[in-house]
Structures are given as structure tokens and as C-alpha cells.
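The values are calculated or read from the model by the stated rules, or taken from the named source; none is laboratory data. Since this is a predicted model, take the numbers as computed values, not measurements. Note that each Cβ is placed from the backbone with ideal geometry, even for glycine, and that neighbours are counted across all protein chains shown. The accessibility values were calculated without ligands, DNA or RNA, using every heavy atom of the protein model including side chains. Shrake-Rupley method; radii C 1.70, N 1.55, O 1.52, S 1.80 Å.
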Amino acid sequence: MDLESIFPRLQEIIAQWLSSFLPGWLAELLVILMVVLAIVLMMVVVVMVLTLLERKILGRLQDRIGPNRVGPYGVIQPVADTLKLLFKEDIVPEKADKLLHLLAPIIIVVPALMVWAVMPFGKKLVAADLNIAVLYVIALGSVTSIAILMAGWGSGNKYSLLGGFRAVAQLFSYEVPMGLAVLSVVMAAGSMSLQSIVKAQSPLPFAFVQPIAFLIYFICGVAEVNRSPFDLPEAESEIIAGYHIEYTGVKFAMFFLAEYINTFAVSAMVVTLFLGGWKGPILPSYVWFFIKVAIVVYVFFWLRASFPRLRIDQLLNFAWKFLVPLGMVNLLVTGIVVKLNVPVWLTVPAYWAGNFVIGVIALYLLTRFTPKKTPVSLR
Amino acid sequence: MFGIGLMKGLFTTVKHGILTYFKGYKHPFPKRYFTEGPAPRLEPEGVGLFTLQYPEEKYKMFPRFRGALMHLRDPETGKPRCTACGACALACPHGVIEVVAEGKGKERKLVDYRYNLGRCIFCRLCVETCRFNAIEMSHEYELASYDKDLVLHLEDLLKIGDKSGVSEKDWAWK
């Protein structure tokens with residue numbers, strides 16, 4: 001049996017075994033639940049690995065060691081953290097809106113997990129190949145902001161409310177350029193199904209065909225999951241922990257889980273839309289998918305170690321005054337190339353020419369209009 | 001041009017991250033610290049790890065560090081030099097020291113010396129008033145305890161003194 005179809009084959013075998021002694025509808029339901037359980041468990045394991053990796057990589061980038069006490073090289077640290085979080089006391093503030101306070105951690109996890117239903121892990125590994133998968137992923141990204149605002153309002157704490165406001169402003173602002181960047185990919189691929197988009201990246205991945213859309217999507221992805229340098233909703237030095245300030249124990253663990261699943265999901269979307277998804281030589285497709293996602297996640301950690309946090313006005317100005325116009329112009333160029341019906345061998349050079357012109361103009365504008373406020377002593 | 005600073009920042013962090021695996025000390029696998037005492041660390045501007053693995057590795061304190069009080073012995077007789085004059089207790093701004101003595105005049109002898117660590121502010125005024133070369137600040141800094149009133153007695157203070165290997169007051173100031 002080849003490695004490519006090992007998981008679909010496993011599913012078939014289990015389905016056959018179940019239907020031998022169960023009614024058909026029940027066996028089908030059980031198989032579906034099994035797939036859901038597999039994805040959820042995989043995400044939990046991924047989050048545990050990511051927390052350890054983040055602390056280790058961040059430590060190394062800052063000349064530190066990172067966790068190294070629990071187990072060899074600290075590999076059991078996430079287990080210890082999880083146990084600590086599970087056994088902590090659950091505190092609900094007196095002035096909290098009890099219902100919202102309880103619902104927010106549940107609502108934030110559900111869309112984070114639902115994204116994985118349409119993600120193509122491999123050539124034959126996708127739970128549901130929706131024909132509007134891109135729209136579905138963007139829609140679920142917006143649900144997160146509702147949960148964050150619920151947590152911020154429901155905690156009855158001014159810092160958490162400020163965090164919630166910031167989160168909503170940031171997420172809504174960055175969804176616009178993100179949508180524009182995704183649209184140019186969708187137009188170039190001619191489909192909204194993630195599987196078809198992966199298959200459309202045949203000679204070159206879209207990151208090399210449309211570098212500007214790639215950069216816009218990447219920046220918006222970092223902002224979308226509230227990671228540094230765009231971690232304003234949970235800025236420690238300004239508003240302590242932002243919207244999850246009043247959460248302890250399991251509820252806090254839920255926010256933590258959602259945050260890391262979202263980080264992984266955005267990395268997976270970057271890989272699927274721009275870096276050729278599961279495509280790659282020799283190794284099975286799902287291995288390639290995880291290798292590429294790991295590289296993108298490493299870049300996320302690297303950004304966190306390198307850049308200081310933005311101010312809220314800088315953040316919103318950057319989204320509305322720079323990324324949105326840039327995304328629109330990029331979309332226009334993509335539309336012209338698609339509409340002109342250029343011959344196949346000319347499409348990639350046409351995209352390159354368009355992107356080059358936009359890139360040079362954007363760089364010129366950024367250099368010209370970025371205020372130089374660095375004090376002389378720090379230069 | 002815009003973006004050059006960002007690239008420089010990214011390059012700096014990744015350079016530091018990669019060089020921690022090659023430069024400076026590497027922590028040997030089964031152990032997480034150097035068994036031969038603290039490994040040499042690098043300058044703040046340098047590259048490589050500089051985490052000190054605290055309970056196993058400790059920094060050597062600088063000579064004038066003011067830790068817990070200690071009593072010094074006379075190297076010839078092996079007895080504490082303290083004459084129970086009580087000048088240190090008078091000099092102390094917090095009433096940390098209590099000297100318990102027996103007898104009067106020439107017969108006055110030291111019975112106990114209570115040093116309340118919980119209230120000490122490590123100002124060294126007691127040592128400065130001592131005329132008999134009897135007490136000095138040690139380099140002990142791991143002084144946390146489960147009791148609120150942590151009182152060290154004469155034997156404890158002598159033990160700290162023996163451990164430090166110091167026999168002269170003001171050794172670091174000379």
C-alpha cells in the first residue's frame with residue numbers, strides 16, 4: 001500500500017468493520033465522529049508541541065535556553081503546564097456578566113477547530129472539500145472577534161474591555177486587506193476550493209507568482225491571530241493580558257488553545273494559498289504540508305522575537321492607508337491579467353511585471369511618508 | 001529605504017539564535033549544568049547562551065556584598081572574639097540584635113547572640129561599630145525561610161563564619 005492513501009484506506013476499513021454489525025446510518029455517523037475526534041486530538045497535540053517550541057525557539061533567539069527542567073530538554077513541560085491549568089481554581093469575578101463570561105471561551109475554540117474541516121492536509125486528506133472553502137475560513141476568522149468582545153465585556157474589567165475593543169478594531173481592519181489578498185489568489189486559481197487552489201499552483205507556488213498578495217496575507221495573518229508585533233489586544237505592558245485577564249484554569253486554557261490553533265491555522269492557510277500546500281517531491285503529501293507549516297510557524301516566532309509592538313494608531317493606519325489600497329491595486333492587476341487572456345507562458349511574467357511595478361511604488365511611498373522619529377542618540 | 005531596518009532586526013535575532021548552538025558553552029546532555037562550577041559566560045554584547053542554571057550553578061559574590069551577619073573566631077584560641085559589649089545592638093537601627101550575657105566587668109561572658117534576620121536591612125552599622133574584630137557581613141544570600149521570625153543564634157552565626165573562611169573584619173575594605 002502506498003503511503004499517500006494510508007489514511008483514506010484506514011477509514012474505509014473501519015467503516016466496513018462498523019457496518020458489518022451496525023445499521024448503515026449509525027456506522028456512517030460514527031466514522032464522521034471519528035474523523036472529527038482525530039482532528040480535534042491532533043490540534044490539542046499540535047498546541048502542546050507549539051507552546052514548547054515557541055518557548056524553546058524564542059529562548060534561543062534571545063540567547064537563553066528555554067524550559068529545560070521537566071524531562072530531557074524540557075520536552076514534558078507542556079504536560080506539566082496542562083496539568084497545572086486543569087487543576088487551577090475557576091474564578092468568576094463578582095461584577096462579571098456570568099453568561100457571557102462562561103460562553104466566550106467555548107465560542108472562541110469552536111471556530112478555531114472548525115477551520116480544519118476544509119484544510120487539505122494531503123492529496124487525499126481533506127475532511128470536507130467545500131467549493132467555497134476560502135469564504136468559510138474567512139467567515140470563521142470573524143467569529144473569533146465576537147468571542148473576544150464577549151470575553152472583554154463579560155469580565156467586567158476595564159482592561160479586558162479595552163483589550164476587547166482593540167481586538168475588534170484590529171480584526172475587522174485586517175480582514176479587509178486579507179480578503180483582498182485572498183481574492184487575487186482565488187481569481188488567479190479560478191476556484192474557491194482549497195484543493196483546487198493547491199492544484200492550480202502547478203509550475204510555481206503563488207508566493208512567487210504574486211509576492212505582494214503573499215506579503216499582505218502574511219502580515220494580516222499575523223495581525224489576525226494577535227501575535228507580536230500586532231499583539232495589542234493582549235499587550236502585557238499596557239493592558240496586562242487584555243480580554244482574558246479575568247480567566248483562570250480551564251477557561252484560560254481554552255483561550256490559550258484557540259490562540260495557538262489559530263496560529264497554526266493561519267500558517268496552514270499561508271501554506272495552502274501561497275506555498276503550494278501539500279505539494280512536494282518524494283515524501284508523502286501530508287509530510288510536506290507539515291514541513292511547510294512548521295517553517296511558517298518558525299517565521300511567526302522569529303517575528304515575535306525581533307519586532308517591538310505597534311501603537312494602535314500605527315496599526316490601524318497601516319491597515320487602512322497602506323494595506324487596503326495596495327491590496328486593491330494588486331487585485332486590479334490580477335483582474336487585468338486574468339481578463340486579458342494572455343497565453344499560458346506569459347501569465348507568470350505578466351504577474352511579475354505587475355507586482356514589480358506595484359512593489360516599487362509602494363516601497364517609494366513607504367520610504368517617502370514614514371516619519372523618521374528615531375531620537376538622534378538611538379540611531 | 002523602508003524595510004531595511006526590519007531586515008536588519010530579523011537578521012540580528014536569527015544570528016543570535018543560530019550561534020547559541022555553536023558558540024559559548026553548550027549544556028552537556030544528561031546534566032543541564034556544568035559539574036565543574038559555573039561555565040564561563042559571555043559579555044552582554046557577545047553571542048551564545050548566558051543563562052545561569054541557578055540552583056546548580058551560582059555566581060561568586062563581589063567582596064563587599066552584604067549578606068547575613070556572621071561571628072568570627074580568634075584563630076589561636078578558636079573561641080568567638082565577641083566580648084558582649086552590646087555596641088552592635090545599640091548601633092542597629094531596627095533592634096535586630098539582642099546580646100545575652102552573664103556577669104559584670106571583667107567576668108562578663110557571652111551566652112547567646114540573637115540576630116533577627118527577618119528585620120535586618122543589611123546596613124552594616126553593627127559591623128562598623130564593633131571594636132573587637134568580632135563580626136562581619138557574610139556572602140550568604142539564600143535566607144528564605146518558612147518562619148516569619150527567623151532568629152539566628154550564636155552557633156548559627158559561628159557556623160556561617162567558619163564556612164566563609166574569613167578571620168578579619170573589614171577584609172574587603174582594606
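For segment A:89-111, which positions are among the small types (Gly, Ala, Ser) and touching a Phe, Trp or Tyr at 6+ places or on another chain (Cβ under 9 Å)? Before you say what the answer is, go through the steps one by one.
Our first condition is that a residue be among the small types (Gly, Ala, Ser); within segment A:89-111, this holds for A:96, A:104.
Selection gives A:ALA104 alone.
Assuming B:LYS148 fulfils every condition listed in (1) free of Cβ contacts under 8 Å to residues at least 12 places away in the same chain; (2) farther than 26 Å from B:LYS60 by Cα; (3) out of contact with any Leu (no Cβ under 9 Å at 6 or more places or on another chain) apart from one, which condition is it?
(1)
Looking at this structure, is A:ALA96 open to solvent by less than 40 Å² (accessible area, probe 1.4 Å), more than 14 Å from every other protein chain (Cβ to nearest Cβ) and in a helix (DSSP H, G or I)?
On the way: open to solvent by less than 40 Å² (accessible area, probe 1.4 Å): yes; more than 14 Å from every other protein chain (Cβ to nearest Cβ): yes; in a helix (DSSP H, G or I): no.
It is false that A:ALA96 is open to solvent by less than 40 Å² (accessible area, probe 1.4 Å), more than 14 Å from every other protein chain (Cβ to nearest Cβ) and in a helix (DSSP H, G or I).
Being within 14 Å of chain B (Cβ to nearest Cβ) and surrounded by fewer than 19 Cβ atoms within 10 Å (Cβ to Cβ) is the filter here, so list the residues in segment A:255-303 that pass it. First the steps, then the outcome.
The first filter runs over segment A:255-303 and keeps only residues within 14 Å of chain B (Cβ to nearest Cβ), leaving A:295, A:298-303.
Listed by number, the residues that qualify are A:ILE295, A:TYR298, A:VAL299, A:TRP302.
Among (1) touching a Lys or Arg at 6+ places or on another chain (Cβ under 9 Å); (2) open to solvent by less than 80 Å² (accessible area, probe 1.4 Å), which single condition is A:LEU102 missing?
Exception for A:LEU102: condition (2).
Scanning for something outside any loop (DSSP other than H, G, I, E, B) and touching a Ser or Thr at 6+ places or on another chain (Cβ under 7 Å), does segment A:132-145 turn up at least one residue?
In the first step, residues of segment A:132-145 are kept if they are outside any loop (DSSP other than H, G, I, E, B); the result is A:133-145.
Still in the list and also touching a Ser or Thr at 6+ places or on another chain (Cβ under 7 Å): A:133.
Yes, segment A:132-145 contains a residue that is outside any loop (DSSP other than H, G, I, E, B) and touching a Ser or Thr at 6+ places or on another chain (Cβ under 7 Å).
Just name the residue that is nearest to the chain's Cα centre (by Cα) out of those in segment A:53-64 that are within 10 Å of chain B (Cβ to nearest Cβ) and surrounded by fewer than 18 Cβ atoms within 10 Å (Cβ to Cβ). First the steps, then the outcome.
Applying the first criterion (within 10 Å of chain B (Cβ to nearest Cβ)) to segment A:53-64 yields A:57-64.
Okay, now just the ones that are also surrounded by fewer than 18 Cβ atoms within 10 Å (Cβ to Cβ), so A:62, A:64.
Details: A:GLN62: 24, A:ARG64: 27 Å.
Out of the qualifying residues, it is A:GLN62.
Please find, within segment A:328-367, the residue that is modelled with the lowest pLDDT out of those that are open to solvent by 100 Å² or more (accessible area, probe 1.4 Å) and either under 16 Å from A:ALA213 (Cβ atoms) or not assigned by TED's automatic domain parsing to the domain that holds A:PRO177 (or both). Talk me through it step by step, then tell me what you get.
Just the residues of segment A:328-367 that are open to solvent by 100 Å² or more (accessible area, probe 1.4 Å), to begin with: A:328, A:332, A:339-341, A:344-345, A:352, A:356, A:364.
Now narrow it down to the ones that are either under 16 Å from A:ALA213 (Cβ atoms) or not assigned by TED's automatic domain parsing to the domain that holds A:PRO177 (or both): A:328, A:332, A:352, A:356.
On the way: A:MET328: 91, A:LEU332: 90, A:TRP352: 84, A:PHE356: 88.
It comes out as A:TRP352.
Please identify the pairs in which a residue from segment B:157-173 that is farther than 22 Å from B:VAL96 by Cβ has its Cβ atom under 7 Å from the Cβ atom of a residue that is exposed (fewer than 12 other Cβ atoms within 10 Å of the Cβ), counting only partners at least 6 apart or on another chain.
Listed by first residue and then by second, the contacts come to B:SER167/B:PRO75.
Residue pairs, Cβ under 7 Å, 6 or more apart or interchain, first in segment A:168-188 and assigned by TED's automatic domain parsing to the domain that holds A:VAL324, second open to solvent by 10 Å² or more (accessible area, probe 1.4 Å) and among the acidic types (Asp, Glu). List them.
Filtered contacts from segment A:168-188: A:LEU171/A:GLU224; A:TYR174/A:GLU224; A:MET178/A:GLU224.
Given the conditions (1) away from chain B (no Cβ under 12 Å); (2) modelled with pLDDT under 85; (3) not in a helix (DSSP H, G or I), and given that A:PRO371 satisfies all but one, which numbered condition is not satisfied?
Condition (1) is where A:PRO371 drops out.
Residues of segment B:127-136 being open to solvent by 10 Å² or more (accessible area, probe 1.4 Å) and closer than 17 Å to B:ARG73 by Cα, which ones?
Of segment B:127-136, the ones open to solvent by 10 Å² or more (accessible area, probe 1.4 Å) are B:128-133.
If the condition is that a residue be open to solvent by 10 Å² or more (accessible area, probe 1.4 Å) and closer than 17 Å to B:ARG73 by Cα, then B:CYS130, B:ARG131, B:PHE132, B:ASN133 are the ones that fit.
Just one of (1) modelled with pLDDT of 85 or more; (2) open to solvent by 90 Å² or more (accessible area, probe 1.4 Å); (3) under 30 Å from A:PRO281 (Cβ atoms) trips up A:MET1, so point out which.
Only one criterion in (1) modelled with pLDDT of 85 or more; (2) open to solvent by 90 Å² or more (accessible area, probe 1.4 Å); (3) under 30 Å from A:PRO281 (Cβ atoms) is unmet by A:MET1, namely (1).
With respect to A:TRP25, is the statement that it is of a type in the set (Phe, Trp, Tyr), open to solvent by 60 Å² or more (accessible area, probe 1.4 Å) and farther than 30 Å from B:THR13 by Cα true?
Working: of a type in the set (Phe, Trp, Tyr): yes; open to solvent by 60 Å² or more (accessible area, probe 1.4 Å): yes; farther than 30 Å from B:THR13 by Cα: yes.
Yes; evaluated as a whole, the condition is true for this residue.
Can you name the residue in segment B:3-17 that is more than 8 Å from every other protein chain (Cβ to nearest Cβ) and modelled with pLDDT of 85 or more and is also farthest from the chain's Cα centre (by Cα) among such residues?
Taking segment B:3-17 and keeping what is more than 8 Å from every other protein chain (Cβ to nearest Cβ), we get B:4-5, B:7-8, B:11, B:15.
Filter once more, keeping what is modelled with pLDDT of 85 or more: B:7-8, B:11, B:15.
Numbers: B:MET7: 44, B:LYS8: 42, B:PHE11: 40, B:LYS15: 37 Å.
The selected residue is B:MET7.
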